[in-house]
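Please read the structure below before turning to the comments.
Derivation of every value follows stated rules applied to the coordinates shown; laboratory data play no part. None of these values were measured; they are calculated from a predicted model. Backbone-built Cβ (ideal geometry, glycine too); neighbour counts: all protein chains shown.
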Amino acid sequence: MNVPVMLQRWHEISFFHWSCDPVLLKRHVPPALRVDTCDGKGWISLTPFLLTGLRPPLVPPALGLDFPETNLRTYVIGPQGPGIWFFSLDAARVSAVLGARATFGLPYYWADMQVDIGARENLYYSNRGGRAKARIRISKEERIVEQSALDIFLTARFRLYSVMLGRLVTAEVGHPPWVLSRVRVVHFEETVRQTMGVEFPSQDFLAHHSAGTDTEIYRPQQA
């Protein structure tokens, strides 16, 4: 029986997406993965949120860790099916950074971060050593009642891929379907894509927000 090794909540998460030529992404993912596309386009997404209740199973949420996180990712298809490939994951908790690097092989970095959550607006701030920075303010708008195929493509992902000791590994990620809302961007500046070498020309920009979801992370296995 497959049981989760980690529980957490992705709280007050926002998604910012840019399309790009999938050829540009190809050299940034391992050869065993291929870039997943929607209508012939590859996509890169920046996802800031407040991670809450990080803990092993059977531990109450109140005893879990809470800290801001910002992920930079793309969408891939690997040996175990569709998933996410992370270019970087910034987190404001050193222990979580070290643990995720050792356990999942994920490219976590410590950063000075802040998430301010309001009834109508959220502010996300991140600064990784003065290089990869983001300062984003959004207004939370109406719920998306009927999600498009692209909305689902960009958010409904239940697997991650990473590399550990030169081997491709994968882990399942379980959570309920996203409840998404539209976003009005009040302020947006970021250098995370540029720092990670994946800031490509784009004619598309899309944003979503969700109040969040409870998540189960499963043990990584060889892909």
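Structural remarks
- Net length gained if the chain between SER95 and ARG27 were fully extended (0.36 nm per residue, minus Cα distance): 21.4 nm
- Cut-off under 5 Å, modelled amide H: who pairs with ASP36 long-range: TYR75, VAL76, ILE77
- Relative contact order of the stretch 99-223, defined on C-alpha pairs under 8 angstrom at six or more residues apart (%): 26
- Expressed as a fraction of 2.2 N^0.38 Å, the C-alpha radius of gyration for the chain is 0.96.
- Distance between the stretch 61-124 and the stretch 150-203 - C-alpha centres, whole angstrom: 10
- Less than 5 angstrom separates the built amide H of LEU180 from those of ILE144, all sequence-distant by 5 or more or on a different chain.
- The chain - percent relative contact order, Cα under 8 Å, separation 6 or more: 25
- Here the Karplus relation 6.51 cos²θ - 1.76 cosθ + 1.60, evaluated at θ = phi - 60°, turns the backbone of the stretch 6-17 into coupling constants of 8, 10, 6, 10, 8, 9, 6, 8, 10, 10, 10, 10 Hz, with x for every Gly and Pro.
- Put in line by how crowded their Cβ is, counting other Cβ atoms within 10 Å and starting with the fewest, LEU160, LEU24 read LEU24, LEU160.
- Order of HIS208, HIS11, HIS28, HIS187 under a 10 Å beta carbon neighbour criterion, fewest first: HIS187, HIS28, HIS11, HIS208
- Stretched out straight at 0.36 nm per residue, the stretch from ILE144 to VAL185 would grow longer than its current Cα-Cα span by 13.1 nm.
- Positive-end residue, the chain charge dipole about Cα centroid, Cβ charges, pick of ALA149, TRP85, GLY105: GLY105
- Only Lys, Arg (+1) and Asp, Glu (-1) charged, at Cβ; the stretch 4-222 dipole about Cα centre in debye: 540
- Taking each residue as 0.36 nm, the span from THR213 to ASP112 lengthens on full extension beyond its C-alpha to C-alpha distance by 34.0 nm.
- What the phi angles of the stretch 156-170 give under the Karplus curve with 6.51, -1.76 and 1.60, with θ = phi - 60°, is a coupling list of 8, 10, 10, 7, 10, 10, 8, 10, 10, 6, x, 10, 6, 10, 9 Hz, glycine and proline written as x.
- The alpha carbon gyration tensor of the stretch 1-103 gives principal lengths a ≥ b ≥ c with a/c of 1.5 or higher and a/b greater than b/c, which makes the shape prolate.
- Phi to ³J(HN,Hα) by Karplus 6.51 cos²θ - 1.76 cosθ + 1.60 over the stretch 106-115, Hz, x for Gly, Pro: 8, x, 7, 9, 7, 8, 7, 9, 8, 10
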